[in-house]
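Notes follow the structure.
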Amino acid sequence: MARRANPLPHSSAGEVLQLVRDGEAETRADVARLTGLSRSAVAARVDDLVAAGLLAERADRVSTGGRPPMRLELNAAGGLVLAASLGSSRGQLAVCDLTGTVLAVRETAMAAGSGPEAVLSRLPAWFDALLEEEGYDPDTVRAIGVAVPGTVELATGRAVGPPSLPGWDGVAIAPALQRRWPVPVYVDNDVNVMALGEYRTRGDAGDLVFVKVSTGIGAGIVSDGRVYRGALGAAGEIGHIPVAGGNGVRCWCGNVDCLEVLASGRHLVETLAAHGASVSGVRDVVALAGAGHPEAVRLVRESGRLLGEVLASVVNVLNPAVVVLGGDLADAGDPLLAGVREVVYRRSTAVATRELKIVASRLGEQAGLAGCGFMALDRILAPESVDATLARYAAQRAVDDAVAV
């Protein structure tokens, strides 16, 4: 990792923690060199972070004589982050540590398609059950990340529900959870969150487009390490771009022959069922394709080609380093990937595809959960948030000390 050219005077404790998270500082001496702070100032900030459970010091480096150097690291066990990835047809819950590592996962019947009241009234109890089953202390929860289908007003955390998810428009998700845990709750579109999770897992992936191909179709964009959401949070709605070859099928968005109505998992389920196949969900389609069912394989490949038509334009406009396919239908593997690659590499410009990789998700079903964890951690471990947390701890200690006297 590149070192900072100039010191950062007057660096706060939150900025010190950021240096450690970024891998720029491994010891107190590193912090002093990078910030210009005195040894006593560094010690005060490190001690405050350790006391708050955010930083750990470990004597696991080789000593050349005398006391071994202490290595600074984010304290993974310093708290928990809860994650909820609510899809249209099913949901997942997870517990993560402060590094974003997923510690425990549960799949639930809590789908966004069930409506906000049914989901939000039960979500705290489902989280409580998961924590109890895994033996985690609910009082150590520091934040919650939630992913929902459709657009989200990031500033308010309100879902902007599409007609395909009745009842969600304008619903505030945080209050239902904050009545149980008075901690920050962050909400975003499910594909944005999956894109973030995949990007962090890949490390130096460069600009990335994540495509969720499941009951519906959508994309998340990561550029310069940040999720791109657009002016109103509606970036990535590739499922509502019309494609050629349709028969005037009307989409819920009002257009006809959208990619989503001709290539999504929902379309494949309906088509295969009409041909007599026993399918009730996207996973059934994937199972048939994996078993070599000719019509299922053909339909998945054709979905890939239609998706490739849209992605060819996306590649020309954004020039990403990697396109990642995720979601339930991506589990069909080669037929879908081959269809996408066939069209993208043929229709996109030579420059845009020279080093482009089109690959399956590394995280699979856990992309949304990992992304929820990272989304929450990026906010609560940001320097300003950490400083505010330490200020609250200091104020509480002062009150406790006064009471004790």
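The values are calculated or read from the model by the stated rules, or taken from the named source; none is laboratory data. Please read all numbers here as calculations on a predicted model, not as lab measurements. Here the Cβ is made from the backbone with ideal geometry for all residues, glycine too, and neighbour counts use every protein chain on show. Only protein heavy atoms, including side chains, enter the accessible area calculation; ligands, DNA and RNA are left aside. Shrake-Rupley method; radii C 1.70, N 1.55, O 1.52, S 1.80 Å.
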Next item on the list: Have a look at ALA76, ALA159, ALA395 and tell me which one the Gaussian network model of the chain (Cα, springs below 10 Å) gives the largest fluctuation.
Entry: ALA395
Next item on the list: Report the label-to-label distance for GLU134 and ALA394 in nanometres (one decimal), using points 7 Å from each Cα along the Cα→Cβ vector.
Entry: 3.4 nm
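Before rounding to the nearest 500, sum -39500 (n - 2.57) across all DSSP H runs of length at least 4 in the chain and divide by the residue total; then give [θ] at 222 nm in deg cm²/dmol. Spell out each step's value before the answer.
Working: 14 runs with 170 residues, N = 405.
Helix-only estimate at 222 nm: -13000 deg cm²/dmol.
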Notebook entry, point to check: Hey, what angle do you get for helix 294-318 against the long axis of the chain, alpha-carbon based, 0 to 90 degrees rounded to 10?
Noted result: 60 degrees
Checklist line | Degrees separating the helix 367-380 axis from the principal Cα axis of the chain, which is the longest one | finding: 30 degrees
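Return the inverse of the average 1/r over all pairs of distinct C-alpha atoms in region 113-184, which is the Kirkwood hydrodynamic radius, in Å to one decimal. Present the calculation step by step, with values, prior to reporting the outcome.
Numbers: mean 1/r = 0.0759 Å⁻¹.
Radius from the Kirkwood sum: 13.2 Å.
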Margin query: Cut-off 10 angstrom, C-alpha nodes, Gaussian network model of the chain. Which of VAL102, VAL81, VAL152 fluctuates the most?
Written below: VAL102
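Can you give the FRET efficiency to the nearest 0.05 for ALA77 and ALA118, using r as the Cβ-Cβ distance and R₀ = 45 Å?
On the way: r = 34 Å, r/R0 = 0.76.
Efficiency computed from Cβ-Cβ geometry: 0.85.
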Note to self: Would region 216-327 count as rounded, prolate or oblate if I go by the C-alpha gyration tensor, calling it rounded below 1.5 in a/c and otherwise prolate when a/b exceeds b/c, oblate otherwise?
What the structure shows: prolate
Item checked: Size of charge dipole - region 363-405 - debye, nearest 20, with Cβ of Lys, Arg +1 and Asp, Glu -1, no other charges -> 60 debye
Check: Size of the chain along its principal axes in angstrom, Cα-based, largest extent first?
Finding: 77, 49, 39
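I need the per residue convex hull volume for region 312-394, using only the alpha carbons, in cubic angstrom as a whole number. Don't jump to the answer; show the numbers that get you there.
On the way: hull volume 9.8 nm³, N = 83.
Value for region 312-394: 118 Å³ per residue.
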Note to self: If each residue of separation counts as 0.36 nm, what is the full-extension length gain between GLU342 and ARG226 once their alpha-carbon separation is subtracted?
What the structure shows: 38.9 nm
Notebook entry, point to check: Taking the Cα atoms only, what angle lies between the long axis of helix 116-134 and the longest principal axis of the chain, rounded to 10 degrees?
Noted result: 50 degrees
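Could you calculate the FRET efficiency of ALA41 with THR101 from 1/(1 + (r/R0)^6), where r is the beta carbon distance between them and R0 is 35 Å, rounded to 0.05?
Efficiency, rounded to the nearest 0.05: 0.65.
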Margin query: Over the chain, with a Gaussian network built from C-alpha contacts below 10 Å, which listed residue (VAL31, VAL359, VAL249) shows the highest mean-square fluctuation?
Written below: VAL249
Notebook entry, point to check: Over the chain, what is the mean sequence separation of C-alpha contacts under 8 Å (at least six apart), divided by residue count, expressed as relative contact order in percent?
Noted result: 15 percent
Item checked: Accessible area expressed per residue, the chain, with surrounding protein chains retained (probe 1.4 Å, Å²) -> 46 Å²
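Which percent of the accessible heavy-atom area of the chain goes to carbon and sulfur, probe 1.4 angstrom?
Working: 9540 of 18540 Å².
It is 51 percent, rounded to a whole number.
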